[in-house]
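The values are calculated or read from the model by the stated rules, or taken from the named source; none is laboratory data. Bear in mind that the values here come from a model prediction, so they are computed numbers and not experimental data. Virtual Cβ from ideal backbone geometry, glycine too; neighbours counted across all protein chains shown. We work out accessible area using only protein heavy atoms, side chains counted, and drop any ligands, DNA or RNA first. Shrake-Rupley method; radii C 1.70, N 1.55, O 1.52, S 1.80 Å.
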Amino acid sequence: MKLQLRSRVELFRGSGEWRDVTAESKFEPSETAVVICDVWDKHWCQGATRRCDVLAKRMAPLIESLRARGVLIIHCPSDCMTFYKDSPQRALLRNAPKATPPPEHMVADAPLPIDDSDGGCDDVPQCKMYIAWTREHPAIRVGPADGVTDNGAEVYNLLRQRGIKNLLVMGVHTNMCVLNRTFAIRQMTRWGINCILVRDLTDTMYNPRLRPFVLHEQGTDLVIRHIEQRWCPTVDSTQLVRP
């Protein structure tokens, strides 16, 4: 797969001026996996549920295409392992030989560009928080050779067993789970895995009534840019279906 990766660089250190840069990179499907982060069947925030429904239906054909090309698909719906506990896909991750992670890379971070201190729900009035999810969104098929987990160490074990070094991350939410889950960008980057965020298949928990007082979509874009600056490059999903 030839992908145009987008990142951001500060050409003149300390200037605070960041510029988009793109670089073409080749990825062997056999050395690449996808993590589908917390695309649940339902969210406690109604707006998030609606947006996740749209994202899941857009992800589904792409996941089928990547699977057919030999990319490993790992489904990571946190807090839902009871639903999958007897499945072979769950056993695949649970039984992977343990691998010892290397010393963690020290990656400098910075505060997020949005205020999500209220939980990020943009409904009026805001919804109450509770565990609404029971499984991954049913629009996304779990294939026979896929894996299921919500544990970063299990993901790392399987990646090392398969010789996989590249991780495409899609799902929700960029400012929360996509950055902070043990199977997602921050931890996997610190363990030396090459993470790439699929930037058009993600969303942010952001309430426009809080700083920086922009539209929800703009809040998502700000967090994507933060990830490009601090953590990993991004790619548009349309590139993943090209020959």
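First compute the accessible area of the chain with a 1.4 Å probe, then give the percent of it belonging to carbon and sulfur atoms. Before the final figure, lay out the partial values.
Numbers: 6060 of 11270 Å².
Percent of accessible area from carbon and sulfur atoms in the chain: 54.
Given Cα positions, please report Rg to Rh for the chain, the hydrodynamic radius being the Kirkwood one. The partial results should precede the final answer.
Working: Rg = 17.4 Å, Rh = 18.3 Å.
Ratio value, two decimals: 0.95.
In bins 5 Å wide, starting from 0, what share of all Cα pairs of region 1-130 does each bin hold, as a percent?
2, 7, 10, 13, 16, 17, 17, 13, 5, 1, 0
Roughly how many Å² is the accessible area per residue of the chain, as a whole number, for a 1.4 Å probe?
For the chain, the per-residue accessible area is 46 Å².
Place +1 on the Cβ of every Lys and Arg and -1 on the Cβ of every Asp and Glu in region 71-175, take the dipole about the Cα centre, and give the residue among 81, 96, 111 whose Cα lies farthest towards its positive end.
96
How big is region 138-243 along each principal axis, measuring the range of its Cα positions in Å and listing the largest first?
So the extents along the principal axes, rounded to whole Å, are 45, 29, 27.
Could you check the simple spin-label distance between residue 82 and residue 118, using points 7 Å along Cα→Cβ, in nm with one decimal?
3.2 nm
How large is Rg/Rh for region 51-184, to two decimals, with Cα atoms and a Kirkwood Rh?
Details: Rg = 16.3 Å, Rh = 16.7 Å.
Value, to two decimals: 0.98.
Pairwise over distinct Cα atoms, reciprocal of the mean inverse distance: report the Kirkwood radius of region 118-162 in Å, one decimal place.
On the way: mean 1/r = 0.0707 Å⁻¹.
Kirkwood hydrodynamic radius for region 118-162: 14.1 Å.
Mean Kyte-Doolittle of at least -0.5 plus a Cα span of 24 Å or more along the axis: flag which DSSP H helices in the chain meet both, please.
Numbers: long enough: 46-68 (33 Å, -0.18).
TM-like helix candidates: 46-68.
A 32 angstrom limit on the alpha carbon distance is what I want to check against. Which of 2/128; 26/98; 2/85; 2/57 exceed it? Display every interim value, and only then the final one.
On the way: 2/128 43 Å; 26/98 28 Å; 2/85 36 Å; 2/57 24 Å.
With Cα atoms farther than 32 Å apart: 2/128; 2/85.
Dividing the alpha-carbon Rg of region 76-141 by 2.2 N^0.38 Å yields what?
1.67
Per-residue ellipticity at 222 nm for the chain, helices alone: DSSP H runs ≥ 4 residues times -39500 (n - 2.57), over residue total, nearest 500 deg cm²/dmol? Numbers along the way, then the final one.
Details: 7 runs with 70 residues, N = 243.
Calculated mean residue ellipticity at 222 nm is -8500 deg cm²/dmol.
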